[in-house]
């Protein structure tokens with residue numbers, strides 16, 4: 001498993017370096033804007049850099065998941081993965097390495113962007129001297145939308161955990177849909193459309209089950225329980241996908 005995991009990391013490191021590079025440039029621009037605070041140039045640089053950082057954080061995590069699915073598709077349908085499936089490794093091990101690498105990458109990127117974002121927001125508000133005002137604005141917004149959520153580090157962390165786990169579950173459904181496409185629908189008419197419908201149906205099923213979960217006493221427990229369910233759903237998708245791979249794609 002360790003060798004397979006290293007192999008998967010090597011196949012996906014370029015996209016991660018690109019995301020990290022964009023983040024680094026935007027962060028340097030943000031720090032320059034902080035040095036020039038109070039000037040029009042500084043405010044413009046700060047605004048643009050914040051927008052780039054937010055977009056990079058959102059789409060960076062998405063790119064990690066999408067790239068993993070694309071890599072799986074190539075391994076199953078092109079010569080790129082031929083040697084991989086000729087190794088004495090089972091399909092569950094191969095797929096497990098892919099999902100583990102993707103899960104670790106999503107988790108680490110989420111932690112990285114959360115810590116970076118928290119540090120930047122703290123620096124910006126301390127620089128402008130409006131740290132307390134931010135929490136007042138957030139509280140007012142929550143009251144306006146009647147969202148009874150106590151904004152604490154625990155609730156924010158639990159919410160981010162839920163988002164990352166949900167994205168991992170979405171990627172796992174894409175894995176399963178792509179594996180079914182390659183194993184059972186390859187060469188069939190409307191293969192792409194049927195695969196997309198299967199992917200959407202699985203995500204709708206996950207959302208429907210999620211809505212049926214019992215309400216928790218606090219927002220933190222609600223977010224954590226939703227995240228745990230998403231992880232369990234990912235495990236189920238992994239088991240079913242492994243069975244299909246082993247039966248129809250194993251050489």
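Key figures
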item: Whole-Å distance, taken between Cα centres, linking the range 156-194 and the range 210-251; result: 12 Å
item: Contour excess over end-to-end distance, with Cα ends at residue 235 and residue 184 and 0.36 nm allotted per residue; result: 16.2 nm
item: Length gained when the stretch residue 18-residue 37 is fully extended (0.36 nm per residue, less Cα-Cα span); result: 4.0 nm
item: Full-extension gain in nm, residue 201 to residue 127, via 0.36 nm per residue minus C-alpha separation; result: 21.9 nm
item: Order of 162, 245 - criterion: other Cβ atoms within 10 Å of each residue's Cβ, fewest first; result: 162, 245
item: For the range 149-251, alpha-carbon Rg relative to the globular expectation (2.2 N^0.38 Å, N residues); result: 1.28
item: Mean separation of Cα contacts under 8 Å (6+ apart) over length of the range 149-251, as relative contact order %; result: 50 percent
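None of the figures in this text is laboratory data; all of them are computed from the coordinates on show. On a predicted model such as this, the values are computed, not experimentally measured, just so you know. Because the Cβ atoms are built from the backbone with ideal geometry, glycine has one as well, and the counts that use them run over all protein chains shown.
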